[in-house]
Amino acid sequence: VKELEVEFKKRKLDETTVCSAEKDRSLETIKRTSEVELNNQRLHIRRKYKLTQKYNFDLWMDYLKSELMNNELLDVIDSNIESPENLTELKVAKRKSLVKDIIINHLDENYHKRILHEKNPKEILKKLRGYKKSEINVTHASVRARLYQIKMVKDEKVSNFCERFDSIIREYELCEDAVPLTEQEIRSAFYQAVSINVPELRNVDLIRRQTNLKEMSIDEIKSFMMQLEAETKSKIEEKIEKPEIKAQRAAAE
């Protein structure tokens, strides 16, 4: 009887061991399957971003790093990220090539041509940053120059000129690392642009400074010009109004 009990317990122990081993294998299979599915999901993430002359480089880099991180390739361009262990020379080359392909996929034709023969992703990014920096400096200078060169054309509607002027301000503010324009700079540029064709503005601004010791703000200048334009338009309409209509209006009054 004791021998039968011992045999029974031994079989139960063997069955438990087998079940435990099968359970471990099942868990390992589930883990590997989950990892494969996660990697597949990562590889299928697609972001629509492209480096162009007007696109912010830092924003572009943020998208790129996010994509590389999702594909476990960020270490290729970032030395602070630890690379996977035991990579063969062939695997290292393939990972660099893949990162280069990802970068190229998010460049416009202009920037692609500039790094055409470069293979190292880190060098590619270094060159792109340099190109963008030189372009930004030129853009800053050129946009600021346009701000002080713009002039109001004779008989141009105030609203049309304001839109032309404001569009230059918006363009400047979109420049990467642009030094913010002060309110005084904007006001000065606007005043110089319109005062030649609006002599009344000089007189009003002079009186304002003599009485209040404070010059007109850019909003006050725009408001004055709008009012002046409306009054001028009204006077012109009165001059060309037909005599009979003018007589009828006078009689009605």
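The values are calculated or read from the model by the stated rules, or taken from the named source; none is laboratory data. It should be emphasised that the depicted structure is a prediction, and the values quoted were computed from it without experimental measurement. Methodologically, a virtual Cβ is constructed for each residue, glycine included, from the backbone with ideal geometry; neighbour enumeration extends over all protein chains shown.
Residues in the stretch 203-238 that are among the β-branched types (Val, Ile, Thr) and within 22 Å of Glu183 (Cβ to Cβ) were compared, and the one that is surrounded by the most Cβ atoms within 10 Å (Cβ to Cβ) is Ile221. For the stretch 204-214, the condition holds for at least one residue, the condition being that it is more than 33 Å from the chain's Cα centre (by Cα), in a loop (DSSP other than H, G, I, E, B) and more than 25 Å from Gln53 (Cβ to Cβ). Quick one: how many residues across the stretch 46-78 are assigned to a helix (DSSP H, G or I) and in contact (Cβ under 8 Å) with a residue 24 or more places away in the chain? The total comes to 10.
Yes/no matrix, rows are residues, columns are (1) part of a helix (DSSP H, G or I); (2) at pLDDT 95 or above; (3) hydroxyl-bearing (Ser, Thr, Tyr):
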| site | (1), (2), (3) |
| --- | --- |
| Glu3 | yes, no, no |
| Leu13 | yes, no, no |
| Thr16 | yes, no, yes |
| Thr29 | yes, no, yes |
| Glu37 | yes, no, no |
| Asn80 | no, no, no |
| Leu116 | no, no, no |
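Within the bounds of the stretch 86-108, is there any residue that is modelled with pLDDT of 95 or more and touching a His at 6+ places or on another chain (Cβ under 9 Å)? For the stretch 86-108, residues modelled with pLDDT of 95 or more and touching a His at 6+ places or on another chain (Cβ under 9 Å): present.
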